[in-house]
Each structure stands twice: as structure tokens, then as C-alpha cells.
Amino acid sequence: MSESSEHQTPEIQSLPLVILDGAIIFPYTVVSVSLNDNNQAAVEAAMKQDRRVLLVARRPNADEQAPLHDQVFMIGVIARIEEIGMLPSGNRGVVLRGVVRAILGEEVPGETFARFSYSETPDQFERTAELEQLMIEVHAAIDAVLEHRPGITQEIRNFVRSIDDPGHLADNTGYSPDYTFEERQDLIETIDIVERLQKVGDFYRKQFAVLEVQSRIRQEVQESAAKQQREFYLRQQMRAIQKELGEDDAETAELDDLIQKLDEAQLPEVARKEADRELSRLRRINSSSPEYQMVRTYLEWLAEVPWGKYTGQPIDIAFAHQVLDEDHHGLAKIKERLLEYLAVKQRRASLGDDSGRAAREPILAFVGPPGVGKTSLGQSIARALGRSFVRMSLGGVRDEAELRGFRRTYIGSQPGRIIQELRRAGAADPVILLDEIDKLGNDYRGDPAAALLEVLDPEQNNTFTDHYLNLPFDLSKVLFIATANNWDTVPPALRDRMEVLELSGYIEDEKVTIAQSHLIPRQIKANGLRPAEAVIDETALRTLIGDYTREAGVRNLERQIGAVLRKVTRQLAEGETTAAEQSSDAECAEISVIADNAQSANPPITVDSAFVREALGRPRFYNEARERIDQPGIATGLVWTPVGGDIILVEATAVDGPKELKITGQLGEVMRESAEAALTYVRSRAEELGIDPRFFETHAVHIHVPAGAVPKDGPSAGITMATALASAATGRLVRDDVAMTGEISLRGRVLPIGGIKEKALGAHRAGIQTIILPRRNEADLDDLPREVFQELTFVPVDTLDQVLATALQPQATLGDVMRQPVSEFAQ
């Protein structure tokens, strides 16, 4: 080894090549290797010369048919042959001493063995302070690892500490059993001494970290085992002491109580066999074992699940009708379908028909906006049948195991929510409401909707198997009812198993009746009032409905009623406090008694529209009302929203300029296409409508739908936009008492749309008198309340020509319009 910093150009020479399989030799070390036929000729040739050979390692998975350059690594070691003889294994071997690193050159031809030229790469370094510090750190890392190694003698540690040469120190560590073959070869190929020492230091620091973790884990395991053994002995001693004191009967009593519960649970045969098997296991397990608690919890679940327990009463249709009428106002068709459903169940029960699972009742699904009474309908059905009612909220459920349970292999496992709710209900025939079924999720843990397929299928749910119980349970007697806000998001397979009953919402009169019959009495009680202390008149209710709520149901209406009644409660409380402050201490008791006796005689606080506005502040919603149309290009359309129907104005105007169609109002793609179809149709009918054929070539058309902050889409505004365009082009006004809805085709056909009931109710509320609708939607008018149907005029149409004939006024001047009495435009 040279300590000179000057680089000396190595002499190019050649030596016999010895290829090592799976082994690497470092400089400064002596090792013995076995000889094979390929290497023996090279060793014999070296013995005849200077006893030196080139040692290189063969690449893993090298192709033996490839050139030697591709089979071996290009950096190896020049070694001196110390001795040739027989190894202890009985194979012929050679003892080699590593001398210096070398880089293979070109193969020298003409030999029966491999001979290569080479370039020596001796270690070159300067003893600087940084190098000395690096050696100290490497020594410390190696010493720390050796200290944790069992069987490492002090002599070995002293030998490593005594190595003062950097290259010698780095290369001697290469034989550590912790190095992989690749890591050893990387060490051979690292020529720079500082870089090599840094790699050695990093390697041993990582090894030290691993050894520390292993040591800590080993210590924790030993401590845990010792603790468990100590607890076992202490528990055995405790049991012996309890036995001497006669206190060991508690555990036996608990087990006997569990056995009694299992006997009373009326388990089916397959569940009884499983319970007996688990009981046998439980008796053999030590009570301090965690497995004991797992088995016992499982048996407790078996005992508490309502196997074969039915609480339902015989169905009384008259009583069911009475319950539905008491709990819900309106909903005539829904009640009719529910009574039909219950009548079928009653008849089948009286005839003893329990055969043919395909003929079982369908699963009912209540679909509608929030607050229309979906959940309370389920409660009413349960009350009519005399069954327990269970509500399962499925919103946000993403894990299938939440419904089917977790397998017992997991710690803390438990049954799914279906079995849990059955245990809570205490019967195998409750009414289970699957609430918000449209909001089920799914992820990598499974699809809960798929788990519900078995639950809701009459062909399969008599053998529903929870993952935790792992036993079949009969769900065929359970009455499942589902609710949803948006039926489109329910998976098709689930939709196929359910019959949809749509609850579209209440009209204003129905909301008033519901508030008077149900909401006000409930909120009077909830806010600490007596019925005689507050009266909410009808005008106040209509103000609450129109100005402070916008919904299809009555949930927000009840909240606002509660907010108003809290103001009433506060006024009464402040009045009582003032009266008490004005009385003397001696008179307090007497005045209190008199006040209690006279309270019923005090006049109630009347809540009217003025009280509502003072209590709740400015109105939060403004309903669209019929507007006076005093210029061409304006038509009234009908829209559907999640909280009910409403009217909307469509404005069209034409200005001089190049041919162009501009559409504004945050309209969706479908609505924009409807506008383009409407313009094309009006242009195609220009001559019949009395429009100058060149009108659309010399005018830019602009269609705008107000309320631009609200996104709008759908095809139902097609005839409204066509009417507005025709009005703008002809100069004829559109009747302001007419609203319309329907999709338009390029041929001028009026196609059916949805939401007729909600749109008609919105038009009625806004003061519209005539509604134009597609003829194919005429059957939907049967769903309208009778009073609304009688107060509106409906014009079914097939073509846009019929729409224009009804909606457009005869040619009139602006003065004619302005002379019309204002009262005609009042709601």
C-alpha cells in the first residue's frame, strides 16, 4: 500500500483469471476456495510463474455461452497463491491472499485457460483530520455492532480496534455475514478510500439500529411472557383462596346463567349445535385467557338474538286506516297502496298461505324530498301492525361488514347492524326502515348495496348469514321499508327488488292543516307552553310557509314554528318575572298560587303575520308571482325543483345586427340545445307566423332566463323559449295568465316531460290560470289535489302551433296593453 498522494500509472500486464461463483475476496485477507476444472489450469499456470492470479466474481444468472466480459464483474482482486491441497470437504482447493484491487482489461488469446490484462488500483489517501475522524466513527460503529453480537470474543474486538490502515479496516469488514453478495461487490468496486469508509460506516450504523430494535423486541417479549406467567400463578392462587373461602361459585353461576339463557332462546337446531360446541370449548379455556372472553361474547350474542320470537298482532285494516289518518294528512294514494299491502298480508295469513317465496310481498320504497313523512309512515305501519320499529340510517355506510358483521377472527368483532337492530327490537318480525338508501357508498372494503341484495330478496333472506354469527337467520318475517330522496342514485339491482311509492310534497293548504293538527301541538309542548297560552292563526302559518320556508315537506316549517313559539315562551317568562319583582317577599307564595290558578284565565298570545315578521326578521324567500307582460318576447314557463314547482320567465329579444344566437342565465347543455331547436323551428315557420323571411338574417337573437346565479337545465322549457322567440319576432304579446312546459322537437312536436304535479302546484301558487302541457302528460293530472285541478285550466297540446295559438295574444299596441286594469294582474 502506498500513502503517496501522487497517482502512478499502473503497468499493463496479464495474469491467469480465476472466476469465483458466489464468493468475493478482499485485499489484505487470506481465504481458501475450492477449485473446479475451469480454474485449475489457471492456478497451475500461475504456480509456474509468480503464483499470482486475477480473482473476479461471476455475475448472478450469467449466460455461460456469452463472452467472459459479460459473465464476470470487471473489478476484482489480484491474489497470491499461498498453498494448494485438499480442503476438509474433500475437494481440491487453494489458499489465496488478497493483494490489491485490479480492473480487467482485454483477454489474452493463445492459452488453454483464461488470461486477461489488468490495471492495478492500489489504495491512495492522505492522512487528514477528516480521514482520522471518519476512521474513529467507523471503529465506533463496528464496535457497537460487535458488542450486540452473541459469541464475539474480546480478542476479535481488540483485533478490529487495532487496525490502523483505512483500506485494511474497510476491506476486513467485507466478510461480515450481514453483507449481501451485491453489497460485497459494491465494496470491491469502490476505489476511493473515503467513499469506501463512508459506506462501511453507514452499513454498520444501520446494523446497529436493527440490532437495537431486535433487542428491544426480545426484551419486551420476555417481559410479557414473564408477566403472563406471573398473572397465571397469581390467578391460580386466587382461585385456590376463593375455593377455600367458598367464593369460587361466582364464575360457575355466570356460566350456568348463560346456559339457561341459551336454553330459553329457542335456538334452531343448527344454532343449538354451534352453541353446544362453543360451550364445550368455553369449559376447557382458562377464564383469564382472551379467547375465553371472545367465546363467551359469541355465546351471549347467540342467546340474545330473537330466534323465532314474533310480536306482531293480527292485522286490522280498519285500525290501520285509522292510524294512517291520525298520523298523516293527505297522501291519499300512498295510504291506499299501504292498506292494499296490509290487506294482502291479512288475507294470506288468514288462509295460511306461506308457500312459494316468489309470491311474497314486495319491498316498499318511499321516495321523495326531505320532510314529506317517509320515516313517520314507517312508524305508522309498525304501530298499525303492533310491531317494533327500527330505523337504520344507511347514509355514508361504505363497509359491507357494517351490515353483514365482522368475522370472529378479528379482535373486537361484532355482528352487523341488521342483527344488532333485531336484538335491540327483541323480535324477529320488526318493521325495519332502511333510511337514506340512496346515500350508500362503497370502497375497497366492499359494496353495502350488494349485501342488501340478499336482505331484500324474498328468495334468499330466510337464510341470511351474518359473518359474526356464521349461522342462517330467517329475515322473511321482517317488514323492510326503504326511503330515498333521489331514486336515480339507487343501484339498479336494488331498484329491481323494490316497489316505489313517490311522495312529491304538500301544497300550501295541506301544510296549513298539518301544522294545525300535528306541528303546532308538538312544538307547544316542546317549548314549555300550555295549549291555551298561544294561538297561531292561519295567516301566520301561510306567512311562514311562503316567506320563511321553501320545501316540499314540513320539516323546516316545524323549525320555524318552534322559533316563533320560543319568542312566545320568552314573553310569558319575562311577564312572570316582572310580576314577581313587583311583589314583596312575604307575598310571593300567595301571588304564585293565585297566578297558577288564574293563568288559564289570561288571554292567549295570538301569533299573526306581524308577530312572525317581528320574531323572524325579513322574509328569506320570495315566491315568483304572475307578472304583467307588457312587451313582446316574454313567456312564462314552469320548473321543477327539489322543494317543489315554480314559475320562471323566459325573455327573448332581437336587435339589428349579424345573424347570431346568444343564450344567458347559466343554462345547461340540454337547455341550450332546446333553445337552438326552438329558434330553428320558429325560422322554419316564419311565413306562417307572419315573420319577414329576412328577419333572422338581419337580427341577432338573445335568450335570457333570469335568476342567473341558479344553474338550470332540462328539456321542459323548449316550448316556452319557442313561444318567447315567436313573440319577439312577431311583436305579439304572450298572455300573462298562461304558463307552459314541454319539450320541443325540430318538427314542432311537443314531447312529454316530468314533474307535472309539482309544476302545476307552483303555477297555482303564483296565480296562473291556464297551463299548456304535452298531451301525453294529461294522465299525470290525476295526481293533483281536486281543488287545484278545479281552479286551473289545462290545455293539452301535440304541436307548437297549438301552443302559439293559445299563448299568443292577437296583434295589439302597447297602448292597448297599458289600458288593461291593474286588478287583472293581481294574485
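The values are calculated or read from the model by the stated rules, or taken from the named source; none is laboratory data. The model shown is predicted, which means the values in this text are computed figures rather than measured ones. Glycine gets a Cβ as well: all are built from the backbone with ideal geometry, and neighbour counts include every protein chain shown. Keep in mind that these areas ignore ligands, DNA and RNA; they rest on the heavy atoms of the full protein, side chains included. Shrake-Rupley method; radii C 1.70, N 1.55, O 1.52, S 1.80 Å.
Remarks
- Whole-angstrom Cα spans of the stretch 308-407 along principal axes, big to small: 43, 37, 24
- Along its principal axes, the stretch 183-237 has C-alpha extents of 68, 16, 6 angstrom, given from the largest down.
- Nearest-20 debye value, the chain charge dipole, Cβ charges on Lys, Arg, Asp, Glu: 1660
- The stretch 410-444 residues near the modelled Gln266 label - backbone nitrogen below 12 Å, point 7 Å along Cα→Cβ: 427-429
- Estimated from the Cβ-Cβ distance and a Förster radius of 35 angstrom, the FRET efficiency linking Asp143 and Phe232 is about 0.25.
- DSSP beta bridge pairing in the chain, given as percent antiparallel to the nearest 5: 55
- Under 13 Å, Cβ to Cβ, from Glu132 - net charge with Lys/Arg +1 and Asp/Glu -1: -4
- Taking all pairs of distinct alpha-carbon atoms in the stretch 429-564, Kirkwood radius in angstrom: 18.4
- The stretch 1-121: radius of gyration over Cα atoms, expressed as a fraction of 2.2 N^0.38 Å: 1.05
- Charge tally for Pro619 (other residues, Cβ to Cβ under 9 Å; Lys, Arg +1; Asp, Glu -1): +2.
- Applying the criteria of a DSSP loop state and at most 16 other Cβ atoms within 10 Å to the chymotrypsin sites (Phe, Trp or Tyr not before Pro) of the stretch 270-366 yields Tyr310.
- Net charge over other residues, Cβ less than 14 angstrom from the Cβ of Asp192 (K, R count +1; D, E count -1): -4
- Amide H contacts of Val795 (H built 1.01 Å from N, under 5 Å, at least 5 apart or other chain): Ile771, Ile772, Leu773
- At a probe radius of 1.4 angstrom, the accessible area of the chain per residue rounds to 52 square angstrom.
- Paramagnetic label zone (point 7 Å from Cα along Cα-to-C-beta, Asp316; backbone N under 17 Å) in the stretch 376-400: 380-388
- Proportion of all alpha-carbon pairs of the stretch 445-503 beyond 19 Å (%): 36
- Its Cα gyration tensor gives the stretch 82-139 an equivalent ellipsoid, and the semi-axes of that ellipsoid, as √(5λ) in whole Å with the largest first, are 35, 23, 7.
- Helices assigned as whole DSSP H runs in the chain whose Cα atoms extend at least 20 Å along their own long axis and whose mean Kyte-Doolittle hydropathy is -1.0 or higher are found at 129-148, 193-245, 249-264, 290-304, 332-351, 555-582, 669-684.
- Centroid-to-centroid, using Cα positions, the stretch 744-814 and the stretch 162-218 are 88 Å apart.
- Put a dot 7 Å past the Cα of Glu155, heading toward its Cβ, do the same for Glu291, and the two dots end up 5.0 nm apart.
- Taking only protein heavy atoms and a 1.4 Å probe, the accessible area of the stretch 197-336 is 50% carbon and sulfur.
- Only protein atoms count toward the accessible area here, which uses a 1.4 Å probe; on the stretch 15-88, the carbon and sulfur part of that area reaches 45 percent.
- Measuring spread by the Cα atoms of the chain yields a radius of gyration and Dmax of 46.0, 133 Å.
- From the Kirkwood radius over Cα pairs of the stretch 362-429, Stokes-Einstein at 20 °C and 1.002 mPa s returns a whole-number translational diffusion coefficient of 152 µm²/s.
- Taking a straight line from the alpha carbon of Lys712, these lysines sit under 28 Å away, with near neighbours fewer than eight places off in the same chain left out: Lys374, Lys439, Lys511, Lys659, Lys662, Lys757, Lys759.
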